[in-house]
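The values are calculated or read from the model by the stated rules, or taken from the named source; none is laboratory data. Please read these numbers as outputs of a predicted model, since none were measured by experiment. All Cβ positions, glycine included, derive from the backbone under ideal geometry; neighbour counts span all protein chains shown.
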Amino acid sequence: MKSLDEIAAALQGYDPQALSVPHVLAFLDQLITPLSSQDDQELPIPQALGRVLACDAISPVDVPPHDNSAMDGFAFDAAALASSHALRLRVVGTALAGAAWPGTVGSGECVRIMTGAIMPQGLDTVAPQELVQIEGDTITVPPGRLRAGDNRRLRGEDIRAARAALTAGQRLTPAALGLVASLGLPTVRVKRRLRVAYFSTGNEILSLGQPPREGAVYDSNRYTVMGLLDRMGCEMIDLGVVPDDPALLRSAFTQAANEADAVITSGGVSVGEADYTKAMMRELGDVAFWKIAMRPGRPMAVGRIGSSVLFGLPGNPVAVMVTFLAFVRPALLKMMGCVNPTPPLLQAACTEALRKKAGRTEYQRGLVTRNAQGVLQVCTTGNQGSGVLSSMVQGNGLIVLHHEQGDVRPGDTVDVMMFDGVI
């Protein structure tokens, strides 16, 4: 395991007093290691939603298990097709889903077939029932409308037996659960839940239920982080609000490091704040304190306490969410064993001018919509102050203005990190 100094020494241009977002991501990529496989779990399919696949899911069968019809219609041998003439066929039976049709089909004959039914022997094409004319037990297929193999699903065209249907590191979405179930697998091997401890710091922070007092604010960060972690499928260890008291901070950090894979705090890492939190981080762990070239969210601490990874986030509510989405969430996903943990960015046309200084990354709260032509566009939610929590509710994504990017003109394309499924 590399120390923080060893990781920093390997990063060209590393400067903890003016750290770029790409440098932060590169540092975290070296710091974070996935959970050990010794704690992997075997879960029934209904309990595996949102979990991370621990090993490839190998299909024991072909999917689909046989050639079958993609729709209701009439199955026939495409050798009878002629491009310039209508095709007349006599219907000699009906093939239903769930069992092979037992008969045989001769020249000039076809079988009525239902969606999903096994294709009868020797037949390779299906004429949709809405395409043909039916007269008694005879159908007419118009010329030029079908080609050989149309409307037939081939055996194994989705998944071949003995191949990986899903690969290790994929999160099990509802679609993925359906895919695993289609293989006939009753259980799936997954990574255990990541245990994450969180507490807010500061004498000015009130817990819900406490009476208001002058100079104090209610703790919103705790509930935001709890929600974000719950969306990720983490096991949350809530340590509440810890005042600026060395003994209480030592106890909270020690408990968190003993019980969790990762520890997240908010507050106490900015210049000028009470130094108890930073002092305790230094005393108990290997911790780096950064000033990141970003807005909002400049101050951040990262490191290890014991075997737990530590993330010390700023105190302002929006800065907490931005640093979580930009850095903590991808890091936790990597710990969970996810492949490609970095969120994809959407591109949209900005509808307003944005002032931006090159040399830092800015995350502005935005609202993405479609214009009358169906083109994605984005505007800001107004006041971008790091304490304006309502702007995160009004927006549906973060406009990401990259490190070297300058001012944005109306109509310019910008990147957006969407909130859907995260916040």
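Condition check: in the same structural domain as Ser307 (by TED's automatic domain parsing), in contact with a Cys (Cβ under 9 Å, 6 or more places away or on another chain) and outside any loop (DSSP other than H, G, I, E, B). Does Val196 satisfy that? Walk me through how you get there before you give the answer.
On the way: in the same structural domain as Ser307 (by TED's automatic domain parsing): yes; in contact with a Cys (Cβ under 9 Å, 6 or more places away or on another chain): yes; outside any loop (DSSP other than H, G, I, E, B): yes.
So Val196 fits the description; yes.
Is there a residue in the range 277-291 that is within 16 Å of Met321 (Cα to Cα) and touching a residue at least 60 places away in the same chain (Cβ under 8 Å)? Lay out the reasoning, then the answer.
Here is the first cut: in the range 277-291, the ones within 16 Å of Met321 (Cα to Cα) are none.
Looking through the range 277-291, none of the residues is within 16 Å of Met321 (Cα to Cα) and touching a residue at least 60 places away in the same chain (Cβ under 8 Å).
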Give the residues of the range 219-261 that are part of a loop (DSSP other than H, G, I, E, B), closer than 21 Å to Phe324 by Cβ and not aliphatic (A, V, I, L, M), sorted by residue number.
Asp219, Ser220, Gly233, Cys234, Asp261
Is it true that Ala372 is farther than 30 Å from Phe27 by Cα and either surrounded by fewer than 18 Cβ atoms within 10 Å (Cβ to Cβ) or without any contact (Cβ under 8 Å) to a residue 60 or more places away in the chain (or both)?
yes
Can you tell me which residues in the range 9-25 are in a helix (DSSP H, G or I) and surrounded by fewer than 17 Cβ atoms within 10 Å (Cβ to Cβ)?
Ala9, Pro22, Leu25
Among Glu42, Glu6, the single one that is modelled with pLDDT of 95 or more and part of a strand (DSSP E or B) is Glu42
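Can we say Met321 is over 23 Å from the mean Cα position of the chain (by Cα), in the same structural domain as Glu204 (by TED's automatic domain parsing) and crowded, with 23+ Cβ neighbours inside 10 Å?
Details: over 23 Å from the mean Cα position of the chain (by Cα): no; in the same structural domain as Glu204 (by TED's automatic domain parsing): yes; crowded, with 23+ Cβ neighbours inside 10 Å: yes.
Criteria not met by Met321.
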Is it the case, given these coordinates, that Gly374 is in contact with a strand residue (DSSP E or B) (Cβ under 9 Å, 6 or more places away or on another chain) and at positive phi?
no
Could you tell me which numbered condition Glu42 fails, if it satisfies all but one of (1) closer than 30 Å to Ala165 by Cβ; (2) out of contact with any Ser or Thr (no Cβ under 6 Å at 6 or more places or on another chain)?
(2)
Just to verify a result, which residue in the range 370-423, among those that are in a loop (DSSP other than H, G, I, E, B), β-branched (Val, Ile, Thr) and in contact with a Lys or Arg (Cβ under 7 Å, 6 or more places away or on another chain), is nearest to Pro344 (Cα to Cα)?
Val422
